[in-house]
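The values are calculated or read from the model by the stated rules, or taken from the named source; none is laboratory data. What you see is a predicted model; the values in this text were computed from it and never measured. Note that we place each Cβ from the backbone using ideal geometry, even for glycine, and neighbour counts take in every protein chain shown.
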Amino acid sequence: MAEERGYDVVVIGGGGSGLAAAIAAADQGAGVIVLEKNPVLGGTTALSVGVISATRTPNQTRMGIVDSPEAHYEDMELFSKIYTSRADNDALRRVLAENLPDTVQWLSSLGVEFFGPTEESPHRKPRMHNALPGARSYIYHLQRRAKSIGVQILTNARARRLLVSDGRVVGVEFDQPGGAGTVARAARGVILTTGDYSANPDMKRELISAAVADAAPVNPNSTGDGQRMALELGAKILNGDMFHGGARFVAPAKPSWISKLPPSRWLMRLTNLALRYAPTSIVRRFVMGFLTSVLVPSHNLFGAGAILVNKVGERFADESRKTVFELAYQPDGIAYILLDGELAEKFSKAPHEISTAPGFAYAYLGDYEKNRLDLFHKGSTLEELARSMGIDSAKLAATVEKYNTSDADDAPAGPPARGQRPRLRSPPFYALGPVRNYINFTDGGLAVNERLQVLDAQDRAIPGLYAAGSAGQGGLLLKGHGHHLGWAFTSGRLAGKYVTNRAGV
Ligand SMILES: Cc1cc2nc3c(=O)[nH]c(=O)nc-3n(C[C@H](O)[C@H](O)[C@H](O)COP(=O)(O)OP(=O)(O)OC[C@H]3O[C@@H](n4cnc5c(N)ncnc54)[C@H](O)[C@@H]3O)c2cc1C
């Protein structure tokens, strides 16, 4: 017989949405446990950049920015129209826009310090709040708060199966290392906050494509367990084919000093003040280590003429496509971005950045030379460049020669010809890399209503079952920066409130 434990609320997953849900439920007086399959809390939330977009926050007020949730709701639609033709979940979008001011205020009250807000078009006002020193701050402060109000947190506890009695979800079976299965009973309800399925090749293959299934996830623990457990009870996934991903620079071998700063409220408050009043050059140095580490190379590089070569010096794909899936199948799954002197000069100053945190700062070629020497290769000839990259020089020279002379599309089996793009011929030559294909996250969440209850195929709430964050994305598009974290914390808090108030459930 499995051991049984009883609670009011069981939260499955200890990332941003799960911790927010647990705190909200415990604040209503519920006995709450968080089951987290990893040895540590955090999930994708802790790996993220940490940007959250919101209106009517203390930061906006301090900067004299007059803004409203209604305007935010309208601007989110503009983002969606830029990126996709599919419809958003307007009811949930309204829930998000209306609750974001409260969410950011709440995070601030727990000790999260925000730099900004900064601008991002087509937001009509600056709305991007940047957590200092990064997303770790959320988990640090949420975990402290959860523990201080008596939330039980069990790590190394992987939920396996939801338990149902008389049509109502009443608990969950979970595994612990070396132990027999354990049952956590939930008198009021279970909240699924297990994140996305970017690390589940089977789900990615079925819902997206084989190429995406083969690309590595940023978070190897995002295995879609919440979606899977709910599907077993008749739930459905919306926007299952949507994902974020592409080529990114590999992480530095040693984390930067910024990423090691403890995210304590007072230290970050001082840092924030310093950043607000320091000369731009100092602010720039502060953010560069971070900018050149976690962000993707701009797609404009390829439009302007840069090419991708693999570690044996071959071109292998049409670089102009948004996601170059072939990258995953190259030797060691890596490639380099090749530029000549003319392109290098162009990408050394505004408006041609190599990577950016929008509205915050921009990184140019020189910033990579200063901050990421491990990614930076230079040679006065292609042969010298190849030696710096550790690849066959004759092969690299032949690849560039073939590219430069291929005006028409004469090689249908291989990568497309150069076409209208400029030749790569002016020394010195540069290579940035390695880059690798990553799937950041998938957007397929369970269908939920405005009370965050999980819906079945006929859009009826499954009693006792709630979902939040990526697991409960409910058909929201969340385009632009800072809306995924916004949804994780907002939906988590709301699910924690609704689960403790059974009216209408
Ligand atoms: C590189 C990167 C940068 C990003 N930057 C931003 C940004 O700046 N702004 C923004 O808005 N969004 C950003 N995002 C997206 C954002 O981080 C996520 O959408 C958000 O963190 C999801 O939160 P969550 O709580 O739903 O999931 P998670 O934070 O992933 O938490 C899920 C937790 O559930 C646990 N779990 C899973 N299965 C089980 C199980 N069976 N039993 C127990 N526990 C389980 C996992 O281990 C994990 O800890 C970024 C994502 C990436 C990858």
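So the check is Cβ under 7 Å with 6+ separation or different chains; which pairs have a first residue in the range 19-30 that's assigned by TED's automatic domain parsing to the domain that holds L452 and farther than 10 Å from V151 by Cα and a second one that's part of a helix (DSSP H, G or I) and hydrophobic (A, V, I, L, M, F, W, C)?
Close Cβ pairs (under 7 Å, with a partner that is part of a helix (DSSP H, G or I) and hydrophobic (A, V, I, L, M, F, W, C)) amount to A20/L142; A20/F489; A21/A495.
Take the residues in the range 105-143 that are at positive phi and touching a His at 6+ places or on another chain (Cβ under 9 Å), then tell me which one is surrounded by the fewest Cβ atoms within 10 Å (Cβ to Cβ).
Going through the qualifying residues, I end up with G111.
Can you tell me which condition G31 does not meet? The list is (1) among the small types (G, A, S); (2) surrounded by fewer than 21 Cβ atoms within 10 Å (Cβ to Cβ); (3) in contact with a strand residue (DSSP E or B) (Cβ under 7 Å, 6 or more places away or on another chain); (4) modelled with pLDDT under 95, and all the others hold.
Result: G31 fails condition (4) only.
Please count how many residues of the range 260-317 are outside any helix (DSSP H, G or I), surrounded by fewer than 17 Cβ atoms within 10 Å (Cβ to Cβ) and modelled with pLDDT of 85 or more.
Residues that pass the stated criteria total 3.
If the Cβ limit is 6 Å and pairs must be 6+ apart or interchain, which residue in the range 377-397 that is over 11 Å from N310 (Cα atoms) pairs with which residue that is charged (D, E, K, R)?
The qualifying pairs are S393/E383.
Return the residues of the range 241-259 that are modelled with pLDDT of 75 or more and outside any loop (DSSP other than H, G, I, E, B); say none if nothing qualifies.
F243, H244, G245, G246, A247, R248, F249
Return the total of residues in the range 64-86 being within 25 Å of V112 (Cβ to Cβ) and surrounded by 13 or more Cβ atoms within 10 Å (Cβ to Cβ).
Residues that pass the stated criteria total 10.
Mind checking which residues of the range 466-501 are touching a Leu at 6+ places or on another chain (Cβ under 7 Å) and in a loop (DSSP other than H, G, I, E, B)?
Across the range 466-501, the qualifying residues are A468, G474, G475, L476.
Might you check whether a residue that is of a type in the set (A, V, I, L, M, F, W, C), more than 9 Å from the ligand (Cβ to nearest atom), crowded, with 24+ Cβ neighbours inside 10 Å and closer than 22 Å to L477 by Cα occurs anywhere in the range 6-13?
No, the range 6-13 contains no residue that is of a type in the set (A, V, I, L, M, F, W, C), more than 9 Å from the ligand (Cβ to nearest atom), crowded, with 24+ Cβ neighbours inside 10 Å and closer than 22 Å to L477 by Cα.
How many residues are over 15 Å from the mean Cα position of the chain (by Cα) and on the phi > 0 side of the Ramachandran plot if we restrict to the range 225-251?
2
Taking the stated definitions as given, is A157 of a type outside the set (D, E, K, R) and over 20 Å from M229 (Cβ atoms)?
no
Is there a residue being surrounded by fewer than 24 Cβ atoms within 10 Å (Cβ to Cβ), within 17 Å of N437 (Cβ to Cβ), touching a residue at least 60 places away in the same chain (Cβ under 8 Å) and of a type in the set (D, E) anywhere in the range 190-208?
No; the residues of the range 190-208 include none that is surrounded by fewer than 24 Cβ atoms within 10 Å (Cβ to Cβ), within 17 Å of N437 (Cβ to Cβ), touching a residue at least 60 places away in the same chain (Cβ under 8 Å) and of a type in the set (D, E).
Just name the residue that is surrounded by the most Cβ atoms within 10 Å (Cβ to Cβ) out of those in the range 335-384 that are β-branched (V, I, T) and within 26 Å of the chain's Cα centre (by Cα).
I354
Residues of the range 34-86 being under 20 Å from H141 (Cα atoms) and away from the ligand (no atom under 11 Å from the Cβ), which ones?
T57, P58, N59, listed by residue number.
For D75, are the conditions met, namely being farther than 20 Å from V218 by Cβ, outside any helix (DSSP H, G or I), in the same structural domain as R228 (by TED's automatic domain parsing) and modelled with pLDDT of 95 or more?
The answer is no for D75.
Residues in the range 89-101: is at least one more than 15 Å from the ligand (Cβ to nearest atom), in a helix (DSSP H, G or I) and either outside the structural domain of L478 (by TED's automatic domain parsing) or among the hydrophobic types (A, V, I, L, M, F, W, C) (or both)?
Filtering the range 89-101 for residues more than 15 Å from the ligand (Cβ to nearest atom) gives 89-91, 94-95, 98, 101.
Within this subset, residues satisfying the condition of being in a helix (DSSP H, G or I) are 90-91, 94-95, 98, 101.
Next, from what is left, pick out any that are either outside the structural domain of L478 (by TED's automatic domain parsing) or among the hydrophobic types (A, V, I, L, M, F, W, C) (or both): 91, 95.
Yes, because at least one residue in the range 89-101 is more than 15 Å from the ligand (Cβ to nearest atom), in a helix (DSSP H, G or I) and either outside the structural domain of L478 (by TED's automatic domain parsing) or among the hydrophobic types (A, V, I, L, M, F, W, C) (or both).
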